[in-house]
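Here the structure comes first, spelled out in structure tokens, and everything after it is commentary.
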Amino acid sequence: MKIGIGFGDNFDARASGRTVAEEALTNGSIDRSDFVMAFCSGGLAHTEFFEGLQTVFGRRVPIIGGSAIGIITPDTLSYTGHPAGAVAIQSDEIRCQIAAADRLSEDEKDAGRRFAQQIERTSEDRLFLFFYDSIKQPATQRSATVLNASSPLIDGITEVLETGVPIFGAGLMGDYAMNPAVQFCGTSVASEMVVGALLSGGFRVYHRIMHDCSPLDGIYHSVTKAAGACIYELDGRPIVPMIDDLYGDRDWRRKTPVDLLTIGIYHGKKYTGFEEGRYVNRLIIGALPEGEGIYLFEPDVEEGTEIQFMLRDTDKMISSARGNTNEVLEQILADGRKAQFGFYIDCAGRTASYSNTLIEEASEVQQAFNRHRCPFFGFYSGVEVAPFINNSRGLDWTGVLIVLAEE
């Protein structure tokens, strides 16, 4: 397996695409790209960037990916300016099937079904990876941002694929303002899409999920009024005044997404201690216009669900990134294998500028892979998808690390 990684930061999108592709081929000593993943800032002209990539990789080479808030490579970590990057893979061991489905915003579950129906399963399937458009409807002066939900999309995919192959993915966003995103769909560029690849062959997949939230006070609250991605009441009380009390003011209502506070669902036994790996945290996008409730990234917090208020813990975020990365790389060595490529899907809320930290948590992942002399590539996303307690789920405020190792 040969892995080539390229990075660029140029407002001229077509030139950026050429630079990124040329650097990937050179760095990986690649003479035949079999599969490419590429991402670029929402401020860059995506079609021109994609065309720039194609002038180097060729028009028949499948390229998947799309909008990203930032790019992470072995040498660079950037989410300002016009960052763009790509990873090119050449391998006689890996087989790749590309699929894409449109009209995601009309019906996420149906799009997931149509997407997965294009895939032919084999006994050597190892990894299913997909990227989807996070933005269903951008915010207007009268309405909040509406997002495509990962939960029904994953349900549609798993309904067709059933079990047996781990499913990973990401909801794509190009900026913190949640403007419309774009997807690279193999040989074309579009929006409102889900696109991905089934990878099969002689390799093993390892993964880890990085967390960064802790319970505010350990108190469980019952959701007593909710609809879709909105929560209106907890314990029979309006949720927005409860959050006002937690912050001590109403300033949080003007922020999108909301800083520090998240909604946590614990998938473990209550009152037996805190296990970070059993929490699914839901990002609060903001307060509804009249303050009647809050809206989340996902519509999966139903009435009757028990939740906890969670606080983002920057120390935990850094230690989780460092510990989980070192742990998985050491596990691969202990299994007598060699790590060949690391791919990091990192929540854009974990950047140092957004989290107000002095250390970039992704640099901990970056440094570990550099110490092991293993190629590494990542990008900043809106939603991360990974296997979690028997099912793949959309996650918030996490980093999902995938490592391909030799068989």
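The residues of the stretch 145-268 expose on average 38 square angstrom of accessible surface per residue, using a 1.4 Å probe on protein heavy atoms. Taking the accessible area of the stretch 52-144, probe 1.4 Å, and keeping the other protein chains in place, the carbon and sulfur fraction comes to 40%. Lysine pairs in the chain whose alpha-carbon atoms fall under 29 angstrom of each other, counting only those eight or more residues apart or on distinct chains, come to 12.
Taking amide H as placed 1.01 Å from N in the peptide plane, M173 has its amide H under 5 Å from the amide H of I69, G382, each at least 5 places away in sequence or on another chain. When you restrict to C-alpha pairs under 8 Å that are six or more residues apart and normalise by the size of the chain, the relative contact order lands at 18 percent.
Its DSSP H runs of at least 4 residues, each contributing -39,500 (n - 2.57), put the calculated 222 nm mean residue ellipticity of the chain at -7000 deg cm²/dmol, to the nearest 500.
Summarising the amide proton neighbourhood of G286: residues at separation of 5 or more, or on other chains, whose placed amide H is nearer than 5 Å comprise V258, Y295. Spin-label pair R250-D235: with each label point 7 Å from Cα along the Cα-Cβ axis, the two points sit 2.3 nm from one another. One decimal place: the segment R60-K338 gains 97.0 nm when fully extended, by the rule 0.36 nm per residue minus the C-alpha distance. Shape summary: the stretch 13-145 maps onto an equivalent ellipsoid whose semi-axes, from the alpha-carbon gyration tensor, are 26, 23, 12 Å in decreasing order. One way to sum up the overall shape of the stretch 5-59 is the equivalent ellipsoid from its Cα gyration tensor, whose semi-axes run 18, 11, 9 Å, largest first. With viscosity 1.002 mPa s and temperature 20 °C, the Kirkwood radius over alpha carbon pairs of the stretch 257-407 converts through Stokes-Einstein to a diffusion coefficient of 127 µm²/s. For the stretch 1-93, applying the loop criterion from DSSP together with a ceiling of 14 other beta carbons within 10 Å to the chymotrypsin sites (Phe, Trp or Tyr not before Pro) yields F11. In the calculated pair distance distribution of the stretch 161-284, what percentage of Cα-Cα distances lie above 23 Å? Distances greater than 23 Å cover 55 percent of the Cα pairs.
Diffusion coefficient (Stokes-Einstein, Kirkwood radius over C-alpha pairs, 10 °C, 1.306 mPa s) for the stretch 83-144: 107 µm²/s, rounded to a whole number.
Ranking R322, R282, R237, R254 by solvent-accessible area of protein heavy atoms (1.4 Å probe, all protein chains present), from largest to smallest, gives R254, R237, R322, R282. Each residue of the stretch 143-148 was assigned a 3J(HN,Hα) from its phi angle through the Karplus expression (A = 6.51, B = -1.76, C = 1.60, θ = phi - 60°), giving 9, 7, 4, 10, 10, 6 Hz with x at Gly and Pro. When the Debye formula is applied to the Cα atoms of the stretch 127-183, each taken as the same point scatterer, what base-10 log of I(q)/I(0) results at q = 0.13, 0.29 Å⁻¹? Here log10 of I(q) over I(0) equals -0.40, -1.17. When 1/r is averaged over all different Cα pairs and the result inverted, which Kirkwood radius in Å belongs to the stretch 87-199? Value: 14.7 Å, from the Cα pair sum.
Here the stretch 183-332 is treated with +1 on each Lys and Arg Cβ and -1 on each Asp and Glu Cβ, and its dipole about the Cα centre works out to around 420 debye. Among the trypsin sites (Lys or Arg not before Pro) in the stretch 365-407, those located in a DSSP loop and surrounded by at most 12 other Cβ atoms within 10 Å of their own Cβ are R373. Note on the stretch 163-207: Cα-only Rg and Dmax are 14.0, 41 Å. Shown in residue order for the stretch 33-41 are the 3J(HN,Hα) couplings computed by the Karplus curve 6.51 cos²θ - 1.76 cosθ + 1.60 at θ = phi - 60°: 7, 8, 6, 10, 10, 9, 9, 8, 4 Hz (x for Gly and Pro).
On the principal axes of its alpha-carbon atoms, the chain has extents of 63, 48, 43 Å, going from largest to smallest.
For the stretch 262-334, the set of GluC sites (Glu not before Pro) satisfying both a DSSP loop assignment and a count of at most 11 other C-beta atoms within 10 Å is given as E290, E302. Taking only protein heavy atoms and a 1.4 Å probe, the accessible area of the stretch 202-318 is 47% carbon and sulfur.
The values are calculated or read from the model by the stated rules, or taken from the named source; none is laboratory data. Source: prediction; values computed, not measured. Note that each Cβ is placed from the backbone with ideal geometry, even for glycine, and that neighbours are counted across all protein chains shown. Only protein heavy atoms, including side chains, enter the accessible area calculation; ligands, DNA and RNA are left aside. Shrake-Rupley method; radii C 1.70, N 1.55, O 1.52, S 1.80 Å.
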